[in-house]
Every structure is written in structure tokens, then in C-alpha cells.
Amino acid sequence: MFPFIKFNVTKLVFRQYREVFVRCSSYSWPKEAKSPESLPSSESSTPPLSPSPPSQLSSPHVSSGASDDSADLGSWDSRPEADLNCHFNEGAFLSMLIARLENLPYQAHEINLQATALVSRLALLPHPHLHEWLLNPLLKINSGCHTIYLALCNAAHEMEAQVPAIPDFQRKLSNTRKILLGGAEDETIPKLKVGEEEIRMLESVIVLEEFCKELAAIAFVKYHYSS
């Protein structure tokens, strides 16, 4: 489904998801994203998540330790219609994260790393509403609502507008990536002059690229487990 995901990254995310799943197994979280008004009275009290964590990633149908109820998790990739009568307020914390993600091109590299790391940890949580809001780009939303997907799109559009102004962009991006990975600049090419604003933009492009890969890996692992 996601051929561009490196398997080692997916394995790391899988281990992280197992740990998070075990820690959250006693919480009475719903198994699929439904509004409280749409639930029958008999479903208003949802049993906790199954305490059995995902055990492997090789098979596309991983046992969740539950019976037919595990099929309900398949609704995570559904496309619900937006409810025009409801207004969603993401709260101060999530609003701050959205603002940080939209401002990726203009923030310090350390802030970008912290913001994306927080969102990644939230995306690992096995809560269907949080999963839909963080990882479903097809989620129908009302006008004025904000999502992580829209924030990343805005950041990407801003980078796309700024990148043409950077000369030798591809070479500078390659060198910046090597430096961030703890390597040295390529000595086979002439020394490139890079200003502070260019460095910040190059670092933010790399952060966005790697962050999208990580979110895709998280979505892949959760889809594997819920199937």
C-alpha cells in the first residue's frame, strides 16, 4: 500500500505502536469514530481495548485478540460526511501544534523536531477520533475547522513558493541532509554558500519529508493491525 516506506522505519513504528497499545489497553475508548448522538444506549458504554497487543507485521491480517468486534476498526478509513450542525474545537494544545506545523518553514529546526515528535506520539494512540483527525486526509470537515493534514499542506505550499529562490537547491538539500544525519559535506563539489534563511528552509523541507514518511508508516501499521 505504501511502497515508499522503508521496512526498518515501519518496524520501529510497529514496536512503538505495540507499547502504546498495551499502555492504553485498559482505557474505555470506542472502537470506531462515531458521535455520541449516533450511538444506541446499549453502546454508550464501550468495553476497554483488547489487552492483546499486535504481535507481528508480516501478515496483513494480524489478530487483535478480539472476535468480530475487531472488524469495526475497519471504519477508520471511511469517508464520513461533515456534520454542518456541529462545531469542532480542537483546544489550545492541538491548536498550538497546528500553528507550529503551519510555521515549519520559518521556525528553528529544534522546534520543528519537537512539534513533529509530539504529533507522531499522538498519532500512535489507538483512539479512533484522534486517528481520524490526525491521519485521515479524506476526513470531511466544516469550514473553519483545522486538521494536521491541512496544516502540512499549507506548510508545503509555502515551501514550494520559497524553494525556487534558492540557487543550487538540490545540491544544498543533499548536503544539508548529510549534515543533519551526522555526516560531512560532499567534498567532491565546490563549497556552497548557504545563508541562515536558506538553511532554515532546507532543514524544514527535510523535516516535512521525514515527518510525512513517519505518519505514513504509522497509518500503515495501524491499518495492518486493524484489518
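Just need a number here: residues in the range 110-153 that are outside any loop (DSSP other than H, G, I, E, B) and under 29 Å from residue 18 (Cα atoms). Explain how you work it out, then say what you get.
As a first pass, look at the range 110-153 and keep what is outside any loop (DSSP other than H, G, I, E, B): 110-124, 128-135, 148-153.
Add one more test, that the residue is under 29 Å from residue 18 (Cα atoms), and what stays is 110-124, 128-135, 148-152.
The number of residues fulfilling the criteria is 28.
Scanning the range 178-227 for residues that are at pLDDT 90 or above and small (Gly, Ala, Ser), which turns out nearest to residue 33 (Cα to Cα)?
By that ranking, first place goes to 219.
Give me the pairs: first residue in the range 151-166 and closer than 12 Å to residue 208 by Cα, second residue of a type outside the set (S, T, N, Q) and open to solvent by 70 Å² or more (accessible area, probe 1.4 Å), beta-carbon distance under 7 Å, and six or more apart or on different chains, which are they?
151/102; 154/102; 155/102
So for the range 78-89 (the condition being in contact with a helix residue (DSSP H, G or I) (Cβ under 8 Å, 6 or more places away or on another chain) and either open to solvent by less than 40 Å² (accessible area, probe 1.4 Å) or modelled with pLDDT of 90 or more (or both)), does at least one residue qualify?
No, that holds for no residue.
Could you please find all residues in the range 157-185 being open to solvent by less than 40 Å² (accessible area, probe 1.4 Å) and in a helix (DSSP H, G or I)?
So in the range 157-185, the residues open to solvent by less than 40 Å² (accessible area, probe 1.4 Å) come out as 159, 163, 166, 169, 172-173, 175-176.
Those that are open to solvent by less than 40 Å² (accessible area, probe 1.4 Å) and in a helix (DSSP H, G or I): 159, 163, 169, 172, 173, 175, 176.
With respect to residue 138, is the statement that it is open to solvent by 70 Å² or more (accessible area, probe 1.4 Å) and without any contact (Cβ under 8 Å) to a residue 24 or more places away in the chain true?
Answer is no for this residue.
The values are calculated or read from the model by the stated rules, or taken from the named source; none is laboratory data. Small disclaimer: the values here were computed from a predicted structure and weren't measured. Cβ atoms come from the backbone with ideal geometry, glycine included; neighbour counts cover every protein chain shown. We work out accessible area using only protein heavy atoms, side chains counted, and drop any ligands, DNA or RNA first. Shrake-Rupley method; radii C 1.70, N 1.55, O 1.52, S 1.80 Å.
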